[in-house]
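This report concerns only the one structure given below.
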Amino acid sequence: MSERYESIANNIANQQDDVEDSKRDHCNKTVEIYEDVSSPPVTVENFGRPLTCTYRFRAFRGSPKDWILRIRFKKFKVGTLINGTTCHKGYMQIVDGNAKTDVSNRKEPGLFCGEIEQPQTFISETNFVKIVFHADNFTDQTYFSFDSRAEQQFEVYLRYGQHPELYPNRRGEVVAGSYCERVFRDCRLQTCYVQSAAYPGVYPRNLHCRYHLNTRLPYIKLYIENEEFNIDGQRCENIMTCPMRPITSGSENCPYDYIRIYDGKDESASVIGTFCGMGKFPYSIIGTSQDLFVEFVSSPAGPLLNTGFHFNVGNWPGHVEAPGSRVGTCDWLLTAESLKKSGDTEGIFLSVAHWYPPHTSCTYLMQGFPGQVVRLYFPSFRINRIESPIVPWSGDCGESLTLYDAPRPDDARIIKTFCDTFSRPMEKHDFVSTGNAMFVRFESKTGSYSGSSLYYWAHYDFFNNTRFGEPVSGTACDEVIASWKHRAGRLRSPLNTLVYKQAPPGEDVHCLYRFVTDKRIFARVILTILSVNFKEHPYTAVSCQNCYEDRADKLIIWEPHPGGKAANTSSSISTTPLPLHLAVQRSLGSCLCAKHANTVSRARPYRVVSSGETLNLQLIVDNAHAAASYFKNPSPLFEARYEFVHGPLCGPAVLAAALDGEIVYPHLEALGYTEPPKRIQCIWDLEIEEKRDIWLHFDSIKFASRHCDDGNIQIFLPGRIEPYLSICGENVSLARELPILSAGELGFESLDDPLVIEKEKTRSIRIVFIGSASPARATFKIAWTGLYHLPKNSDGTLMTSRLTDGGIKSNSGQGCDFICPGDEALCIPARLICNGIVNCPNFTTTERKFWTAEEKRAREAYSEDSLRRLGYLDALGGIPLGQLHDEAPQLCAGARSSGGGDWMAPTLGAGLAIVLAVCALGAAWRLCCRKRSPDEESLDY
């Protein structure tokens, strides 16, 4: 050591004249711009002693404020950094600014110490810089050198960007009295640079910088595009003994220098993360609102190494105001009522586009009105790997999205689960609930700094799924409408228009409405089509010339069991529709398509009355245009109303063709087990044979009042819309003399009806009773007789040859055995003679004036021969035959006393009637006296 001091002394002696200049050149001086400065030489006077050197930079005279200083430290070894916060035996201070500048760190400039092996640069924030070097024990192991230059702001591109004159507040507005607290307002792309102080050079020590960030729209986004992130990436420069620290997060991993990002306006907001290290910053930080608060802290002492950060600020366009209410941090209640108030037809919610902590759960409850269903679909859906997790996750399903067919999470009712590791997105697929609520839950085990790995736009809407009957499981829109559920109601095409876009590919939309009742209660269905509103096919014109065959939208109406003659199916109602081609072949069928839109209206509805207890209505829509024409179309494709009529008090609804019969109201067998409704409508269809006249006559009739509301009987002839006869209390006298309905009046129904696919050639008289159902209010019995005509020639004269030759005699008892008195030349078979009911109408003693003598002789001869054969003639005692009707006392009394040959059949018939009456009374007594079973109660109509 003594030799070293001696050498230094000799050197000093040799340069004695330059000592003063050396002190002036190397310590405590004002530095010219572009001047190289190095540490003072070691001398006898300063070796091993404390040394403090201060350097001030001479600014250009009149230099504007937009000049800054770039100071390059080429060599630096001063003091030792202890515990990352203390400089031992030496330090350097950089004071940026003074009392005259807008910003300054002169009050607490912090300390640099340690050693560098490569040049480091400090770029000032102001045009005044002071550097202070201090060594507790100055030796040749403490040294530094630097140079400087002045630059204008626009030359420092990395700090101020291009055209700084256009963005004077690009780096924020400095808060008065601070060095690095800045406020950023209305940040947009490339308009806000959030930087560490002195960026892109080494940042000062002992900083506490606060950055208030704001954008016009949420979600605010903080991101790095190209620049490196270097906050406390190294504590010393030797890569072997002090390697670079990768970017890490968490306060425990960043004890010295760090940035801390808050989700809000200030320190009171939630902490998104704390970061430090060196490298490419891997995340974009996205806040939940329009504001972020960033805090940058550097330790009081540290190395002259780290260059800080540069963030851009923008906003992420992932924010949509959902028409609902937020329940929690990210829990939403999305109701049909809120959507309706918004005026939109669909609501939207997006995947979580902002940061969220680990174990986050975000939920969406879509709640419709009663009777609605919820549809959810994703116009856009991407599934990515988790790119910015807060907590690493190595297993499957770090993030998931689950759809529940329920108003809450229910693992038994999961519709679909999407997972980040193995799921495929399902875009434009409809997920539909069965009830009026759907619950969606997003879960993340990892958390994220910049939004979900499951990126989606979700659209939801609500559809009225109200049914008019009981839905048929496994079908989209089939319904069963039962009489024991609703006696009457309205019907239309599905309110839920989703059915028009959910049919399987290539299959038309089919909606089958089945009207059913119990055959034992003799019910019928009246179906009235009020309107038809099919649209034209948008792609190919469909003429609908053949309604059944053409691929046109249509309504098909048919009875699966024509005439009510099928077996009773009330105990097991099949939901499988009868194939249409079979329905058309077997029964009456009607087809309505677009060409009938003007024909069928509320003013002129199309009415169908079933023959029996079942009726089918099927809507068929061409799949090729169903969705385009009818999805979300509020107009109904058809409207109708239905009513179940007739019932137990009315008795059988369809009366098969017969020579005679009767309709009795009320039906006596029903009185013991059914409770009459307030109003009732009975519809009887009396089938008739060809070439047969019908005589309807009231055997008894009673109305409680003259008001037609208490009871009204209407008779409709085949193919007629208006009633042929209407009888009620005010005109009951009309029931005494009813005219004969001739075969001509009872012609076949017209087959020119364009609504008819195919009809059997049947004729029936329809008798309708509408009124009070109380048995005390109205009672009646309507009897009918089928009448034969005596044969006539083409000119209308009687065919006497057949009468005299016995050509119309019948051995079956169903022929023309008794000629009724009167002018019409009508006759009845033998079994109707003296059966207790007058079967010959219009009894009169006045013969037609145009009967010829030959016709008269032929008629009398035929009558005598017929009555002689039947055993009636001998008992008459010469009474003129033309004055006798079939129930004349002379005829019937004489026949009984003589025991005529054919009296046995009426006698047996009467005896059988008596036996049946006794059985009926016994059955009625049992029905009245015993307790009704639940099965019978369910048959009440």
inquiry  = Principal axis extents for region 190-265, Cα atoms only, whole Å, descending order, please.
reply    = 47, 26, 24
ask   = How about region 354-415: which trypsin sites (Lys or Arg not before Pro) there lie in a loop by DSSP and see at most 13 other Cβ atoms within 10 Å?
value = Arg385
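All other residues with a Cβ under 13 Å from the Cβ of Ser452 taken together, and with Lys, Arg as +1 and Asp, Glu as -1, what is their net charge?
On the way: positive: Arg382, Arg385, Arg441, Lys445; negative: Glu387, Glu399, Asp420, Glu443.
Local charge sum for Ser452: 0.
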query = In terms of modelled amide H atoms, which long-range or inter-chain residues lie less than 5 Å from the amide H of Asp331?
reply = Thr363
query = Rule-of-thumb check for region 454-548: C-alpha Rg over 2.2 N^0.38 Å?
reply = 1.41
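For Ile239 and Gln141, what is the calculated FRET efficiency with R₀ set at 30 Å and r taken between the beta-carbons, to the nearest 0.05?
0.90
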ask   = Given a cut-off of under 8 Å on Cα pairs at least six residues apart, what relative contact order in percent is computed for region 180-308?
value = 37 percent
remark   = Expressed as a percent, the accessible surface of region 214-345 that is carbon or sulfur, using a 1.4 Å probe and the full set of protein chains, is 52 percent
ask   = In nm, to one decimal, how far is the Arg492 label point from the Thr434 one, both placed 7 Å along Cα→Cβ?
value = 2.7 nm
ask   = Can you work out ³J(HN,Hα) from phi for every residue in region 696-706, in order, using Karplus 6.51 cos²θ - 1.76 cosθ + 1.60 and θ = phi - 60°, giving whole Hz and x for Gly and Pro?
value = 8, 8, 7, 6, 7, 7, 8, 10, 6, 8, 7
note = Check: C-alpha center region 211-252 vs C-alpha center region 165-199, spacing in Å is 18 Å
Protection-proxy order for peptides 122-131, 456-465, each taking the mean of Cβ atoms within 10 Å per residue, highest first = 122-131, 456-465
note = Karplus ³J(HN,Hα) for region 192-203 (6.51 cos²θ - 1.76 cosθ + 1.60, θ = phi - 60°; Hz, whole; x = Gly/Pro) runs 9, 10, 9, 10, 6, 4, 6, 4, x, x, 5, 7
note = Residues whose modelled amide H sits under 5 Å from the amide H of Gly273, counting only those 5 or more places away in sequence or on another chain, are Ile261
query = Which of the GluC sites (Glu not before Pro) found in region 138-236 are in a DSSP loop and have at most 12 neighbouring Cβ atoms, other than their own, within 10 Å?
reply = Glu225
task = Check each of the GluC sites (Glu not before Pro) in region 30-82 and keep only those in coil by DSSP with at most 13 other C-beta atoms within 10 angstrom; list them in order.
result = Glu32, Glu45
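The values are calculated or read from the model by the stated rules, or taken from the named source; none is laboratory data. Here the structure is a predicted model, which is why all the values come from computation and not from measurement. Neighbour counts run over all protein chains shown; Cβ positions are idealised from the backbone, glycine included. In case anyone asks, the SASA skips ligands and DNA or RNA and just uses the protein heavy atoms, side chains included. Shrake-Rupley method; radii C 1.70, N 1.55, O 1.52, S 1.80 Å.
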